[in-house]
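A short worksheet on the structure shown next.
The values are calculated or read from the model by the stated rules, or taken from the named source; none is laboratory data. This structure is a prediction, so every number in the text was calculated from the model and none was measured. Ideal geometry is used to build each Cβ from the backbone, glycine not excepted, and the neighbour counts take in all protein chains shown. The protein model used for the area step is the full one, side chains on, heavy atoms only, and it has no ligands, DNA or RNA in it. Shrake-Rupley method; radii C 1.70, N 1.55, O 1.52, S 1.80 Å.
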Amino acid sequence: MGAQQTFRLFINGEWVEPSKGGYAVVNPATEQVVGEAPEAGVDQVNDAAAAARDAFPAWSRTPPGERAEALQRLADVFERRIPDLVPLVQAETGATMRVAKTLQVTQCADRFRRYARLANENHDIPLPPSVMPNTALAKGGLIGAVVARQPVGVVACITPYNFPLTNMAGKVAPALAMGNTVVVKPAPQDPLAILRFAEAAEEAGLPPGVFNVVTGSGAEAGQALVEADIDMVSFTGSTPVGQRIAETAGRGMKRLLLELGGKGAGIVFDDADVAGAVAGIGSSWSFHSGQICTAPTRVIAHRDVHDELVDKLAAYAKFLKVGDPLADDTIVGPVITELQRDRVESLLDTGRQDGAEFVAGGVRPDLDSGFYVAPTLLTGVKNEWRVAQEEFFGPVVVVETFEDEDEAVALANGTPFGLYDYVWSADSVRAYRVARQLRSGNVGINTVQRNHEAPFGGFKLSGVGRDGGVFGLHAYSELQSIVFPS
Ligand code: NAD
């Protein structure tokens with residue numbers, strides 16, 4: 001991946017030189033420069049918002065079938081470009097090839113196809129007529145109504161670094177399908193594939209201003225976008241940034257979809273299929289180096305299964321090969337940056353000081369380059385410790401123990417997060433009963449697999465609103481009641 005590739009901002013259907021130059025995007029495995037990303041000025045962020053504003057009336061009035069065709073075309077063009085995009089997204093994210101080829105890229109195309117299909121359906125809600133008496137306001141009679149779903153307007157899509165294309169698609173595809181126009185602000189660490197995606201949007205013939213991309217190395221571009229003339233912020237990222245965005249957006253009553261941090265509890269009962277639980281929990285290490293918000297990183301094990309579970313988890317962690325993400329046998333690649341590795345290591349230090357036992361990992365892998373963290377397993381953890389309360393966003397699992405169901409539920413609910421929890425038990429009635437008590441937007445019973453038609457989002461500090469399936473489409477709409485005599 002040569003540094004000679006050029007990347008520019010995509011505003012109003014044109015490629016725009018950034019007013020503040022560029023910054024280096026670094027491969028987390030090799031520490032080599034992948035490319036230079038544009039550094040947008042605040043004026044350019046405002047230009048992008050203005051272009052999306054100007055494009056909104058025509059795009060929102062475009063018949064849904066035509067919008068669907070445009071999204072299909074975009075998916076087709078994008079798919080043709082996948083062979084070129086995989087090396088780029090792999091290099092900037094540090095993902096293993098398996099993750100790069102599947103979740104980083106093909107899921108992006110799937111999301112455009114899914115919402116192209118949904119764009120073609122009528123999402124208005126007819127209501128039965130209501131019998132209204134004569135009132136001082138108006139004559140009585142049968143009064144009908146339809147609830148129309150209207151696009152919100154201009155949507156700022158601000159995305160995190162872990163799955164840049166896929167996350168962007170999860171916002172842009174439903175927003176455009178519903179008739180909104182968008183300004184995308186990718187994560188600073190790996191924005192390059194999204195800029196290449198904009199080429200696909202151009203080739204697919206999206207009208208100018210419907211889809212815009214601005215990038216920057218720090219918080220400035222995102223902050224400016226939230227303050228710009230936009231109607232909604234769809235943000236995925238950390239809870240502290242989400243809180244800041246909500247404060248700013250609240251002043252202008254901008255609509256919010258916030259997908260924030262998680263600290264997934266994985267309750268393992270004594271009748272659980274331990275091998276199944278180990279495979280599920282092990283994904284916290286093996287899947288994109290634990291840089292996933294939904295991972296079951298906080299195991300809550302029944303005391304009778306604790307030792308067997310820990311032995312098997314430790315064996316699993318030690319078996320995972322850490323290193324070059326391009327090597328076929330590598331399971332755990334790097335984390336995104338030196339800063340992220342430092343964050344993980346300093347949180348691990350607090351666990352050490354609190355008295356956690358390191359059953360696996362805890363030592364930086366001895367590799368020539370790259371920002372690596374070994375798959376790490378901490379036991380004897382107390383729920384009030386920082387390692388149990390805060391997100392690592394790296395390949396680290398902590399284990400707590402419980403004696404009865406109520407304690408398991410209390411421990412699982414005992415963090416400020418509520419994104420994705422898990423229950424492993426052979427007793428489906430118990431597992432379901434426990435799931436219903438978890439203050440979490442999503443619960444997996446005996447699986448870490450996802451259902452893409454289900455609504456996805458968080459309770460508590462894990463966010464506001466839901467995306468996923470048709471719920472993702474609805475998230476980008478305002479309900480409008482149209483009332484008439486029937
Ligand atoms: P981050 O919060 O650091 O950054 C996310 C985005 O916000 C980036 O584009 C960043 O440039 C931008 N940003 C930073 N400051 C801003 C500001 N003041 N105003 C506007 N935008 C600003 O998150 P990250 O490190 O990229 O991603 C990791 C986090 O994302 C973790 O907390 C993880 O749990 C969360 N995440 C959540 C989900 C979910 O669906 N709930 C999915 C993936 C990641």
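A compact table of results
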item	result
5 angstrom amide H check on A301, placed H, neighbours 5+ away	V268, E400, T401, F402
Protein-only accessible surface order, largest first, of H288, H123 at 1.4 Å	H123, H288
Over the range 265-453, relative contact order from alpha-carbon pairs under 8 Å, at least 6 apart, %	27
Cα-centred dipole magnitude for the range 109-189, charges only on beta-carbon of K, R (+1) and D, E (-1), debye, nearest 20	140
Cβ charges +1 (Lys, Arg) and -1 (Asp, Glu), total dipole of the range 399-443, debye	320
Among T350, G282, S369 - extreme Cα towards positive end, dipole of the range 265-453, charges at beta-carbon	S369
Heavy-atom accessible area per residue - the chain, 1.4 Å, Å²	41
On Cα atoms only, tilt of 239-251 relative to the major axis of the chain in degrees	20
Carbon + sulfur, % of accessible area of the chain - ligands and nucleic acids excluded, 1.4 Å	52
Computed over the chain, the ratio Rg/Rh where both radii use C-alpha atoms and Rh is Kirkwood	1.01
Gain on full stretching of the segment that runs from Q437 to S238 - 0.36 nm per residue minus C-alpha separation	69.1 nm
Tilt relative to the chain, helix 42-61 - C-alpha long axis, 0 to 90 degrees, to 10	60
GluC sites (Glu not before Pro) restricted to DSSP loop in the range 334-421 with at most 10 other C-beta within 10 Å	E384, E403
Equivalent ellipsoid, the range 265-453 (semi-axes from 5 times Cα gyration tensor eigenvalues, Å)	26, 17, 15
Neighbourhood charge, 12 Å Cβ-Cβ cut-off, centred on W424 and excluding it, Lys, Arg +1 and Asp, Glu -1	-4
Peptides 450-457, 96-103, 201-208, 44-51 ordered by average Cβ neighbours within 10 Å, highest first	44-51, 96-103, 201-208, 450-457
Rounded to 10°, Cα long-axis angle of helix 64-93 versus longest principal axis of the chain	30
